[in-house]
Each structure stands twice: as structure tokens, then as C-alpha cells.
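*Asks:* So that we are looking at the same thing, I have put the structure below in C-alpha cells.
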Amino acid sequence: MRIGAEEEFHVVDVESGRLVPRAAALLDRLGATGFTQEMQPSVVESNSQVHDTLEELWGDLSGTRRLLDAAAATLGLAVVAAGTVPLARLSPGEVTCDPRYRRMADDYRRVADEQLICSAQIHVDVPDRDTAVRAMCLVSPWLPPLLALSASSPFWLGNDTGYASWRTMQWQRWPTAGPVGCYTGAADYDTAVAELIASGVVSDPGMIYYDVRPSAHQRTLELRICDACPRPETVALVAGLFRALVRDACDRLEREPAPRCDGHHEWLRAATWRAARSGLEGQLVDPATRRAAPAPAVLSRMVNRLRPALEACGDWHVVRGLLEETLRTGSAAHRLRRVAQQEDLLASVDLLVAETRGARPREHPSRRHRSTSPRTSPGPARSYAHGQATPSGSG
């Protein structure tokens with residue numbers, strides 16, 4: 001089962017740390033295939049090659065980041081792989097010049113205006129589209145822990161939201177975002193998608209934003225629940241776990257073509273909320289018991305459960321090592337909050353830029369000597385809950 005990844009990157013001004021709509025200029029400077037622009041003109045997307053091993057994927061992602069960083073530096077810019085950037089402002093109606101994006105901006109208004117978010121998507125090979133659709137039901141309960149691993153968006157428009165992944169809360173406002181239902185096969189799924197399009201709520205299959213979905217163009221199952229991750233090794237960890245989930249699901253479907261499902265997926269939305277709120281530093285909903293449990297315990301049990309599939313994919317030692325390190329260092333959201341509390345939000349942007357470049361802990365530069373606006377200090381964790389966050393100024 002080969003794997004690949006799509007990663008989205010915010011474009012920020014290297015001096016102010018603020019989000020800027022200069023993705024087109026960066027793409028022009030790159031002059032390379034494998035990069036595209038998204039709806040927001042402040043986001044660049046990269047597409048990895050297809051790989052057999054996690055080490056190959058990890059190396060590919062690291063190389064892409066070096067290429068992006070070098071091109072951005074010539075323009076006074078930097079790129080950030082994270083669900084959100086701490087310093088940004090809303091620019092209603094400012095979207096990439098493309099008829100499809102313009103139509104989306106007109107249809108969805110504020111939801112589209114606030115799409116200042118980035119994600120990481122993982123593709124895993126499957127035997128056929130029927131298998132992909134039937135596997136979704138089996139892997140879905142285990143996706144919230146993958147979100148917790150990726151959580152990197154505690155700040156929104158200059159304030160601390162109190163969430164580890166505020167991107168998730170923004171993303172779930174789209175009409176087709178969230179947990180996917182159960183389908184008997186590809187024909188059943190495609191009929192449901194066609195009905196959504198016929199309703200006029202979405203315009204095309206590309207706007208089916210479920211947490212996991214069969215690719216419309218490739219023979220893969222696609223994971224879509226995760227924040228973009230500052231460290232490429234986090235993407236590799238998530239990819240390894242997702243591949244094991246898909247492998248396990250395919251093996252189960254071979255043994256039992258129609259595994260039983262109670263059809264009750266309501267708890268999955270609650271489990272996703274819990275992962276977005278707490279990340280790795282709180283509790284998750286354990287998929288095996290549907291009860292609250294500490295995130296490290298849920299993930300450790302998940303890895304042990306998937307050991308046969310991980311070993312079959314050759315990923316056991318890599319995934320176990322990466323998970324141990326991740327649980328030791330904490331989520332990106334935790335690291336960002338710690339730096340913001342010790343210094344300010346601009347320092348947390350510096351951390352994101354450094355980790356996206358490949359820096360290890362304590363290698364990111366401090367900017368204590370720089371003057372910053374009053375809006376760059378982090379707000380209290382409860383500030384958003386008690387009123388609308390005020391957008392910070394942006395360069």
C-alpha cells in the first residue's frame with residue numbers, strides 16, 4: 001500500500017510574521033511542478049510523490065519544505081505548516097482569481113472569508129473504489145486521535161481560542177465537512193454525492209469534505225481530518241498510522257465482506273470536538289470504549305492494536321519511535337502556547353517557521369529584541385468564548 005501526502009502552507013511576511021496574500025508570487029518564483037494555489041491567496045499546496053516507505057515520504061516532505069523556504073526567502077517571505085497562523089486579518093472577498101473559487105466565495109460568504117486554515121491530507125492505495133468506500137466505516141472511529149496528533153492551531157486572529165485545533169472548528173462549518181456515513185459500496189456513495197450536488201448545496205465532488213473519502217481521481221483512500229503539521233515527522237507518523245488503519249480495514253473486509261456497523265456515528269462528531277479541544281494534552285474519546293481517556297493512553301493502545309498491520313507495512317519501529325517522541329514533546333499547539341506565554345505571538349510564528357524549515361526543539365530564534373504591536377500578545381485561553389475575537393492588524 002503506497003502512500004502520498006498533500007500539504008498546505010501559509011505564506012507569511014518574514015519580518016512581521018503576519019499572513020500575506022502572496023502565494024502567486026511564491027509560485028512564480030518556484031517555477032516547479034507539484035505546487036498549486038488554494039482559494040485563499042495566502043496558501044500554497046504541495047503534492048508529494050508516491051512512496052512505499054515512511055522514510056521516503058518523510059524525506060520527500062522535508063525536501064519540499066527546503067525548496068519552499070529557499071524560494072520564499074528571496075521574496076522576504078516564509079512558509080508555515082500549521083492549521084492557522086497566530087497573526088492574520090480577514091479580507092472579505094479576497095480569493096484567488098479562479099471562477100470556481102469566486103463562486104465559492106459568493107455562495108459561502110463569511111465561511112469562505114475565514115478559510116485562513118491549512119491541512120495535511122494523506123493518500124493510501126486501496127485495491128478498488130468499492131473497498132475504499134466500505135473501509136471508511138471501519139477507519140472512521142480512529143480518526144480523532146490522528147487529529148489530536150496533528151493539532152497545531154490554538155490561535156486565531158491574534159487570540160488564544162482555548163482549542164488545540166481551531167482549524168477544525170472553522171472547517172466543520174462547511175456543509176459536507178465532518179464524519180462520513182456508512183455506504184454499501186461505491187455506487188451507494190456516488191449516488192449520495194450526486195444527490196448533494198443536485199441539491200445545490202455543493203457544486204462538484206471536490207467539495208465533499210468528509211474526514212475521510214475515496215479520491216475522485218486516484219485509487220486511494222484520503223485522510224482529511226488533520227491540521228497541517230509544522231514538523232514533517234508528524235505527517236510521517238500520521239501517514240503510518242492511517243496506512244495501518246486502511247490495511248487493517250482491508251484485511252477485515254477480505255475476511256468479512258460486510259462487517260457489522262450499528263450505524264450510530266453521532267459520537268464521532270463529539271470525539272472530533274474533544275480532539276480539537278484537547279489535542280494531546282487532555283482526554284480523548286477512546287474508540288474502543290467510547291469513554292474518555294488520557295490521549296497518550298488512547299494512542300498507545302491504538303498503536304498496539306495496529307501492530308500486525310504496522311508490521312505488515314514495515315512501519316512498526318518507525319511509528320512506535322515517532323509516537324514516543326511526540327508524546328514526550330507534546331502537540332504543536334502546546335509548544336506554540338508555551339512560546340507565546342514566555343515571549344509573544346511573534347515568537348510563536350518564529351517557532352512555526354523554524355519547525356517548518358526542519359529545526360529541532362530550541363533551535364528557533366528569539367525576537368525579543370524586536371518591537372511588536374500590542375496585538376501580538378496572546379489573549380487569555382477563554383477570550384474567544386466570551387466574545388468575538390478581534391482581528392489583529394496585518395501587513
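The values are calculated or read from the model by the stated rules, or taken from the named source; none is laboratory data. Everything numeric here is computed off the predicted structure, so don't read it as measured data. Don't worry about glycine lacking a Cβ; one is built from the backbone with ideal geometry, like all the others, and counts go over all protein chains shown. Quick note on the areas: whole protein, heavy atoms, side chains included, nothing else; ligands and nucleic acids left out. Shrake-Rupley method; radii C 1.70, N 1.55, O 1.52, S 1.80 Å.
*Asks:* Being of a type in the set (Ser, Thr, Tyr) and part of a helix (DSSP H, G or I) is the filter; apply it to the stretch 250-309 and report the residue that is most open to solvent (accessible area, probe 1.4 Å). Please lay out each step first, then the result.
*Replies:* Within the stretch 250-309, the subset of a type in the set (Ser, Thr, Tyr) is 272, 278, 289, 300.
Checking which are part of a helix (DSSP H, G or I) leaves us with 272, 278, 300.
Details: THR272: 3, SER278: 18, SER300: 49 Å².
Among them, the one singled out is SER300.
*Asks:* Then there's this: Name the single residue that is most open to solvent (accessible area, probe 1.4 Å) among those in the stretch 154-196 being among the hydroxyl-bearing types (Ser, Thr, Tyr) and out of contact with any Pro (no Cβ under 9 Å at 6 or more places or on another chain).
*Replies:* My answer is THR184.
*Asks:* Looking only at strands (runs of 3 or more DSSP E) that fall completely inside the stretch 1-69, which ones have 1 or more residues that are within 16 Å of the chain's Cα centre (by Cα) and of a type in the set (Gly, Ala, Ser)?
*Replies:* Output list reads 3-13, 43-47.
*Asks:* So, ARG129, is that one surrounded by fewer than 19 Cβ atoms within 10 Å (Cβ to Cβ) and out of contact with any Phe, Trp or Tyr (no Cβ under 6 Å at 6 or more places or on another chain) or not?
*Replies:* Details: surrounded by fewer than 19 Cβ atoms within 10 Å (Cβ to Cβ): no; out of contact with any Phe, Trp or Tyr (no Cβ under 6 Å at 6 or more places or on another chain): yes.
No.
*Asks:* Would you be able to say whether some residue in the stretch 59-72 is touching a residue at least 12 places away in the same chain (Cβ under 8 Å) and open to solvent by 50 Å² or more (accessible area, probe 1.4 Å)? Let's see the steps before the verdict.
*Replies:* As a first pass, look at the stretch 59-72 and keep what is touching a residue at least 12 places away in the same chain (Cβ under 8 Å): 60-62, 64-69, 71-72.
Right, trim to open to solvent by 50 Å² or more (accessible area, probe 1.4 Å) and you get 66-67.
Yes, the stretch 59-72 has at least one match.
*Asks:* Right, here's the next one. Provide a single number: the residues in the stretch 197-222 that are open to solvent by 60 Å² or more (accessible area, probe 1.4 Å) and in a helix (DSSP H, G or I).
*Replies:* Within the stretch 197-222, residues that are open to solvent by 60 Å² or more (accessible area, probe 1.4 Å) and in a helix (DSSP H, G or I) number 3.
*Asks:* Quick one: GLU363 ticks every box in (1) modelled with pLDDT of 95 or more; (2) open to solvent by 80 Å² or more (accessible area, probe 1.4 Å) except a single one, so which number is it?
*Replies:* Only one criterion is unmet by GLU363, namely (1).
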